[in-house]
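To start, the structure itself, in structure tokens.
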Amino acid sequence: MRYLHTMVRVKDLEESLHFYCAVMGMQEVRRIENEGGRFTLVFLAAAEDVDAAKNSKAPCLELTYNWDPEEYTGGRNFGHLAYEVDNIYDYCQHLMDNGVTINRPPRDGYMAFIRSPDGISFEILQKGQALPSAEPWASMSNTGSW
């Protein structure tokens with residue numbers, strides 16, 4: 001397992017970038033604009049982590065800006081912690097074998113979500129390319145929220 005990023009939702013992307021970059025000294029290492037999903041993801045790294053973040057996509061702070069206005073309450077502005085694993089299917093099975101609910105199964109062979117006992121959301125990502133779709137994951141439904 002390898003730590004990738006922590007995601008926080010922001011209401012004003014420019015104001016947030018000013019705070020994280022100009023004030024705190026972080027640097028933008030990549031950006032994803034998703035017109036279909038109507039959101040922008042901006043990945044930031046601390047100065048000493050910039051080279052690693054550009055090469056390995058970690059460790060980063062992910063700012064998620066949803067284009068449609070949304071008021072974040074109850075900690076919803078904090079999204080999740082993300083980790084990548086060598087085999088997402090084996091890892092999710094290990095989690096289930098230990099009583100963990102897979103809230104968003106890895107139907108795509110790439111991404112799953114779980115929650116800690118305290119309700120913290122964790123994104124589990126397949127290292128490298130997605131694995132081929134496989135059962136029981138491909139037909140497993142979402143459970144709860146993540």
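With respect to the conditions (1) touching a helix residue (DSSP H, G or I) at 6+ places or on another chain (Cβ under 8 Å); (2) modelled with pLDDT of 95 or more, A58 falls short on a single one, namely (2).
Keeping to the stretch 102-133, report how many residues are loosely packed, with under 12 Cβ neighbours inside 10 Å and on the phi < 0 side of the Ramachandran plot. Steps first, please.
Residues of the stretch 102-133 loosely packed, with under 12 Cβ neighbours inside 10 Å: 116-119, 128-129, 132.
When the remaining residues are screened for being on the phi < 0 side of the Ramachandran plot, the result is 116-118, 129, 132.
The total comes to 5.
Considering M96, M111, the condition of being under 15 Å from the mean Cα position of the chain (by Cα), of a type in the set (A, V, I, L, M, F, W, C) and over 30 Å from G25 (Cα atoms) is satisfied by M111 alone. Close Cβ contacts (under 6 Å, 6 or more residues apart or on different chains) running from residues in the stretch 67-81 that are outside the structural domain of L13 (by TED's automatic domain parsing) to residues that are part of a strand (DSSP E or B) and of a type in the set (D, E) comprise H80/E123. Would you mind stating whether D51 is part of a helix (DSSP H, G or I), of a type in the set (D, E, K, R) and not assigned by TED's automatic domain parsing to the domain that holds E15? So D51 fails the test.
In the stretch 86-104, is there at least one residue being among the aliphatic types (A, V, I, L, M) and over 24 Å from W137 (Cβ atoms)? Before you say what the answer is, go through the steps one by one.
We begin by selecting, within the stretch 86-104, every residue among the aliphatic types (A, V, I, L, M); these are 88, 95-96, 100, 102.
Next, from what is left, pick out any that are over 24 Å from W137 (Cβ atoms): none.
Checked the stretch 86-104: no residue is among the aliphatic types (A, V, I, L, M) and over 24 Å from W137 (Cβ atoms).
Within the stretch 8-27, the set of residues being of a type in the set (D, E) and surrounded by 15 or more Cβ atoms within 10 Å (Cβ to Cβ) is empty. The residue that is nearest to the chain's Cα centre (by Cα), counting only those in the stretch 61-79 that are at pLDDT 90 or above and part of a strand (DSSP E or B), is E62.
The values are calculated or read from the model by the stated rules, or taken from the named source; none is laboratory data. Owing to the predicted nature of the structure, the values given are computational and were not obtained by experimental measurement. Backbone-built Cβ (ideal geometry, glycine too); neighbour counts: all protein chains shown.
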